[in-house]
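Report on the structure given below.
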Amino acid sequence: MGIDVAKAQLDIALRPSGERWAVPNDASGVATLVDRLQVLSPTLIVREATGGLERLGTGALATAGLPVVVVNPRQARDFARATGQLAKTDALDARALAHFADVIRPTPRPLPDAQTQELRALLGRRQQLVVMRTAEQNRLAGTNGRLQTDIEAHITWLNERLAMLDDDRETLRRASPLGRENDDLLQSAPGIGPVCARTLLLELPELGTLTRQQIAALVGVAPLNCDSGTLRGRRMIWGGRAHVRTVLYMGTLVATRYNPRIQAFYERLLAAGKVKKVALTACIHKFLTILNAMLKHRTPWQSQEVQG
């Protein structure tokens, strides 16, 4: 089954019967959909991530015990194009999602608990406020007089809201013993601060459960080859979770100055002739691998590599 999510309605398509219908994207429409799907008992339901519009229905379907998966919209769209479907409507998208579910068979994952969802919402709001503050700070440099006073007042308000959000997140974090323990483990690594640690825990819940190759590919710091025949192209990073990579980039940048282990690795790469950006990307990969092992083995940061 494929469900295309819009602000006003949900378009549903089934395979192989080809049946299609729509319901309103509100509480009553979702309740009607859940009741009908419990009778149909689909083997797999695929929906796209749509900036939060999918959360109401996804939560209701998962609570009802239905096998629902939220996939990357780019993945679903690329699949539709590969099958020759170039047109795009809600009905066609629902059918393409059902086809995607039938062929690709993505694995359903358990939804995060209510506390994790609230923490993610607070983190997302914090990111929005930081973007606003950066924009206002950039505007401040080119203004004067009355406008400057107005922008400064807005920056002050944004700083206050950021402080309040951080207090709220800290309160929620303290309510979870496992969250506190994981947060302390990550922050034991020089270069990982509170924002970076909590972003990794919330936006990368797979940290500590995957292999080093899998976690690097998931974040988007794994070097991907581009070879064909006798051509040997440059290795490049691509895809992954951009926001996690951005936050980890800043943490690694700090680590190249204040973390002896990462600093030594960075300087060794530079001495070998690597350009700074390539060396820094390699450091991100190494740092992420170490953080993944720390959570997997429940071990705090060690300044020296453990041999054997």
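The values are calculated or read from the model by the stated rules, or taken from the named source; none is laboratory data. Predicted model, so just to flag it, every value in this text is computed and none were measured. Every residue, glycine as well, gets a Cβ built from its backbone with ideal geometry; the counts of neighbours run over all protein chains shown. Side chains included, ligands, DNA and RNA excluded: accessible areas come from the protein's heavy atoms. Shrake-Rupley method; radii C 1.70, N 1.55, O 1.52, S 1.80 Å.
Would you tell me the accessible area of His285, worked out with a 1.4 angstrom probe on the heavy atoms of the protein chains, in Å² to the nearest 10?
His285 has an accessible surface of roughly 50 Å² with all protein chains in place.
Tell me the per residue accessible area of the stretch 234-286 using a 1.4 Å probe; a whole number in Å² is fine.
That works out to 64 Å² per residue.
Quick one: what does P(r) look like for the stretch 159-296 with 10 Å bins over all Cα pairs, in whole %?
11, 38, 32, 14, 4, 1
For Lys296, give me every one of the lysines with a C-alpha distance below 16 angstrom, ignoring sequence neighbours fewer than eight places off in its own chain.
Answer for Lys296, where 16 Å is the Cα cut-off: Lys286, listed by chain and number.
For every other residue with a beta carbon closer than 15 angstrom to the beta carbon of Pro177, add +1 if it is Lys or Arg and -1 if Asp or Glu, then tell me the sum.
Details: positive: Arg173, Arg174, Arg180, Arg298; negative: Asp113, Glu170, Glu181, Asp183, Asp184.
My count for the surroundings of Pro177 gives -1.
What is the percent carbon and sulfur in the accessible area of the stretch 179-308, measuring with a 1.4 Å probe over the protein chains and ignoring ligands?
57 percent
How big is the equivalent ellipsoid of the stretch 1-153 along its three axes, where each semi-axis is √(5λ) from the Cα gyration tensor, reported in whole Å from largest to smallest?
Taking √(5λ) for each eigenvalue gives 38, 19, 14 Å, largest first.
Using only Cα atoms, tell me the angle between helix 177-187 and the longest principal axis of the chain; keep it within 0 to 90° and round to the nearest 10.
40 degrees
Average projected area of the Cα convex hull of the stretch 62-108, in nm²?
Average of the hull's projected areas for the stretch 62-108 equals 3.6 nm².
Calculate what fraction, in whole %, of the accessible area of the stretch 1-88 sits on carbon and sulfur atoms when a 1.4 Å probe is rolled over the protein chains.
Result for the stretch 1-88: 54 percent of the exposed heavy-atom area is carbon or sulfur.
Please give the Cα centre distance for the stretch 193-217 versus the stretch 1-69, rounded to the nearest Å.
Between the Cα centres of the stretch 193-217 and the stretch 1-69 lies a distance of 29 Å.
For helix 146-174, what angle does its Cα long axis make with the longest principal axis of the chain, in degrees from 0 to 90 and rounded to 10?
80 degrees
Write down the percent of antiparallel bridges among all DSSP beta bridges whose residues are both part of the chain, to the nearest 5.
65 percent
I'd like the Karplus ³J(HN,Hα) series for the stretch 230-239: coefficients 6.51, -1.76, 1.60, θ = phi - 60°, whole numbers in Hz, and an x wherever there's a Gly or Pro.
8, 6, 10, x, 6, 6, 9, 8, 6, x
Provide, for q = 0.13 Å⁻¹, the log10 of I(q)/I(0) from a solvent-free Debye sum over equal Cα point scatterers in the chain.
Here the Debye-derived log intensity ratios amount to -1.13.
Quick check: the angle from helix 276-297's long axis to the longest principal axis of the chain, C-alpha only, nearest 10 degrees?
Approximately 70 degrees, to the nearest 10.
Ordered by residue, what ³J(HN,Hα) values in Hz, to whole numbers, does the stretch 103-115 give under the Karplus form 6.51 cos²θ - 1.76 cosθ + 1.60, where θ = phi - 60° and Gly and Pro are x?
Once rounded to whole Hz, the list reads 8, 7, 6, x, 7, x, 10, x, 6, x, 5, 4, 5.
Around Ala94, with a cut-off of 14 angstrom between Cβ atoms, what is the net charge of the other residues, counting Lys and Arg +1 and Asp and Glu -1?
-2
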